[in-house]
Amino acid sequence: QKEVEQNSGPLSVPEGAIASLNCTYSDRGSQSFFWYRQYSGKSPELIMSIYSNGDKEDGRFTAQLNKASQYVSLLIRDSQPSDSATYLCAVKRYGQNFVFGPGTRLSVLP
Amino acid sequence: GAGVSQSPRYKVAKRGQDVALRCDPISGHVSLFWYQQALGQGPEFLTYFQNEAQLDKSGLPSDRFFAERPEGSVSTLKIQRTQQEDSAVYLCASSLGDGTYEQYFGPGTRLTVT
């Protein structure tokens with residue numbers, strides 16, 4: 001079992017819809033979780049961090065964390081073609097050791 | 001302000017050559033990370049510095065990989081006797097190191113070993 005798992009996609013949604021991206025992790029002791037967006041040929045850029053169970057909203061983005069289920073998700077409301085990218089889930093393990101999932105490719109269709 | 005910068009952006013090395021990749025973190029960021037990203041994969045952790053101290057090098061794939069940050073600012077990742085499997089994008093990231101863990105990435109160095 002990989003430490004951080006994501007569906008590779010592509011996940012296709014129409015413009016204006018809600019995109020739902022999911023991530024599961026195996027280390028129950030993990031405490032800090034991050035979502036990054038990576039455009040093709042570019043480096044990852046931070047979208048959101050989440051540390052506590054529940055929802056965290058920032059503009060069109062909502063991160064959801066359920067530590068009991070070892071599950072993190074990212075919702076993108078009113079999806080735009082410019083949101084088309086690979087979304088990486090990252091989990092902080094011990095110390096400052098981070099593990100990234102393989103990413104989910106999102107395609108927003110105009 | 002200025003973000004994380006890396007140089008060179010592209011590097012082609014013949015198998016067996018040594019390479020050095022440079023990272024200049026965001027000013028004031030205490031923590032610095034190196035990652036290796038293969039095509040179609042997420043970044044893989046290589047090593048972590050807090051100021052000049054290398055606190056975690058568990059991700060370095062072999063003893064051919066060496067990283068340093070002698071003055072707690074600029075960092076260099078060195079790969080000796082490059083092999084084809086070293087071909088990847090090498091990403092550097094920095095964070096404040098104040099108990100928050102958000103990392104900010106540089107543009108990366110694409111290394112191709114021929």
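In segment B:1-82, which GluC sites (Glu not before Pro) are in a loop and have at most 15 other Cβ atoms within 10 Å, using DSSP for the loop call?
Within segment B:1-82, the qualifying GluC sites (Glu not before Pro) (loop, at most 15 other Cβ atoms within 10 Å) are B:GLU52, B:GLU71.
Report the gain in length on full extension from A:ALA17 to A:ALA68: 0.36 nm times residue separation, minus Cα-Cα distance, nm rounded to one decimal.
15.5 nm
Write down, largest first, the equivalent ellipsoid semi-axes of the protein assembly as shown in whole Å, where each equals the square root of 5 times an eigenvalue of the alpha-carbon gyration tensor.
Sorted largest first and rounded, they come to 30, 20, 16 Å.
Suppose we compare each residue of segment B:29-63 in its chain alone and in the full protein complex with a 1.4 Å probe; which ones drop by at least 40 Å² of accessible area?
B:PRO43, B:PHE45
With viscosity set to 0.890 mPa s and temperature to 25 °C, compute the Stokes-Einstein D of chain B, Rh being the Kirkwood radius across alpha carbon pairs; µm²/s, no decimals.
Approximately 176 µm²/s, per Stokes-Einstein.
Using a 10 Å cut-off on Cβ atoms, rank the peptides B:4-11, A:51-58 from the highest mean neighbour count down.
B:4-11, A:51-58
Cα-Cα over 23 Å: which of A:LYS67/A:LYS92; A:LYS2/A:LYS92; A:LYS67/B:LYS57?
Listed pairs above 23 Å: A:LYS67/B:LYS57.
Show me, bin by bin at 5 Å from 0, the whole-percent P(r) of segment B:2-60 based on Cα pairs.
P(r) over segment B:2-60, rounded to whole percents: 4, 15, 19, 26, 22, 11, 3, 0.
Give me D for chain A in µm² s⁻¹, whole number, from Stokes-Einstein with Rh from the Kirkwood sum over alpha-carbon pairs, 10 °C and 1.306 mPa s.
For these conditions, the coefficient is 114 µm²/s.
What is the list of residues in segment B:25-47 whose amide nitrogen lies under 15 Å from a point 7 angstrom out from the Cα of B:VAL74, following Cα to Cβ?
Within reach of a label on B:VAL74: B:25-27.
Using each residue's phi in segment A:97-110, evaluate 6.51 cos²θ - 1.76 cosθ + 1.60 at θ = phi - 60° and report the 3J(HN,Hα) Karplus result to the nearest Hz, with x for Gly and Pro.
Per-residue couplings from phi come out as 9, 10, 10, 9, x, x, x, 10, 7, 10, 10, 9, 8, x Hz.
With a 1.4 Å probe and all protein chains left in place, how much accessible area per residue does chain B have, in Å²?
Accessible surface, normalised per residue, equals 49 Å².
Under a 10 Å cutoff between Cα atoms, tell me which one of A:SER32, A:SER73, A:SER43 has the largest fluctuation in the Gaussian network model of chain A.
Taking springs between Cα atoms under 10 Å, the residue moving most is A:SER43.
Give me the residues in segment A:70-110 whose solvent-accessible area, probe 1.4 Å, is reduced by at least 40 Å² once all protein chains are included instead of the chain isolated.
The answer is A:GLN96, A:ASN97, A:PHE98, A:PHE100, A:PRO102 - residues whose exposure falls by at least 40 Å² when every protein chain is included.
Determine the share of the protein assembly as shown's accessible area contributed by carbon and sulfur atoms, expressed in whole percent, with a 1.4 angstrom probe.
Of all accessible area on the protein assembly as shown, carbon and sulfur atoms account for 46 percent.
Roughly how much accessible area, to the nearest 100 Å², goes out of reach of solvent when B and A pair up, both sides summed, probe 1.4 Å?
By this definition, chains B and A bury close to 1600 Å².
Roll a 1.4 Å probe over the protein chains and send me the accessible area per residue for chain A in Å².
Averaged over the residues of chain A, the accessible area is 47 Å².
Can you give the Rg to Rh ratio for segment A:25-80, taking only C-alpha atoms and Rh from Kirkwood?
We get a ratio of 1.00 for segment A:25-80.
The values are calculated or read from the model by the stated rules, or taken from the named source; none is laboratory data. These numbers were taken from a predicted model, which means no experiment stands behind them. All Cβ positions, glycine included, derive from the backbone under ideal geometry; neighbour counts span all protein chains shown. The area values use the complete protein model at the heavy-atom level, side chains included, leaving out ligands, DNA and RNA. Shrake-Rupley method; radii C 1.70, N 1.55, O 1.52, S 1.80 Å.
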